[in-house]
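Asks: Here it is, the structure in full.
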Amino acid sequence: MLRLRHVTKAGRIKVSVLSRRNMSQSSPCDVKRNRSIHSDNVEEVHNVPMHVIIRPIPPVLNELKVQSIMNTIQTADVGVVPPIDLLWITGREGGNYYYSFGGCHRFAAYQRLNMSSIPAKLIRSNVSDLSTYLGASTPDLR
């Protein structure tokens, strides 16, 4: 959270609390505003099969956070946990590839619960964008 202080003409201090994710005023309980910079304009959420998601960077996990998310998934409405963002890339021969670089704690929680799919927002992307993340390790997508 980012707190902005503004002094009014009357000399009063006005404090605004801004979310670091989208820098708009929000409250911690407002799940609809819990978006990422990539999918802020994407409303549609898909249940994507876990086995099609490519996670090329090994996660560094906080086990307490993973356990907390697992408890939330098991005891609350699954919609409480924000969807992950997936880069959806079509290969040069028409293949579909789904890359995930964030949401590692959510992904791990769904994986440990043996869930077959995970809520995700699909962000249309391309190999050029992928190479921004992977550099020379970018595969030849077919």
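The values are calculated or read from the model by the stated rules, or taken from the named source; none is laboratory data. All of these numbers come straight from a predicted model, not from anything done at the bench. No Cβ is skipped: glycine too gets one built from the backbone with ideal geometry, and neighbour counts run over all protein chains shown. Please note that ligands, DNA and RNA were not included when accessible areas were found on the heavy atoms of the full protein model with its side chains. Shrake-Rupley method; radii C 1.70, N 1.55, O 1.52, S 1.80 Å.
Asks: Considering only helices (runs of 4 or more DSSP H) fully contained in segment 34-142, which possess at least 3 residues that are touching a strand residue (DSSP E or B) at 6+ places or on another chain (Cβ under 7 Å) and modelled with pLDDT of 95 or more?
Replies: In segment 34-142, the matching helices (runs of 4 or more DSSP H) lie at 104-112.
Asks: With the requirement that a residue be in contact with a Leu (Cβ under 9 Å, 6 or more places away or on another chain) and not β-branched (V, I, T), what does segment 58-82 give you?
Replies: M70, Q74
Asks: In segment 79-116, how many are open to solvent by less than 60 Å² (accessible area, probe 1.4 Å) and within 15 Å of the chain's Cα centre (by Cα)?
Replies: Number satisfying all stated conditions: 21.
Asks: Next question. Consider only pairs whose beta carbons are under 8 Å apart and that are at least six residues apart or on different chains; among these, list those whose first residue lies in segment 120-141 and is within 17 Å of G95 (Cα to Cα) and whose second residue is of a type in the set (G, A, S) and part of a helix (DSSP H, G or I).
Replies: So the pair list comes out as T138/S131.
Asks: Restricting the first residue to segment 52-72 and requiring it to be among the hydroxyl-bearing types (S, T, Y), which pairs with a second residue that is open to solvent by less than 80 Å² (accessible area, probe 1.4 Å) meet a Cβ separation below 6 Å and a spacing of at least six or different chains?
Replies: Close Cβ pairs satisfying both conditions: T72/V80; T72/V81.
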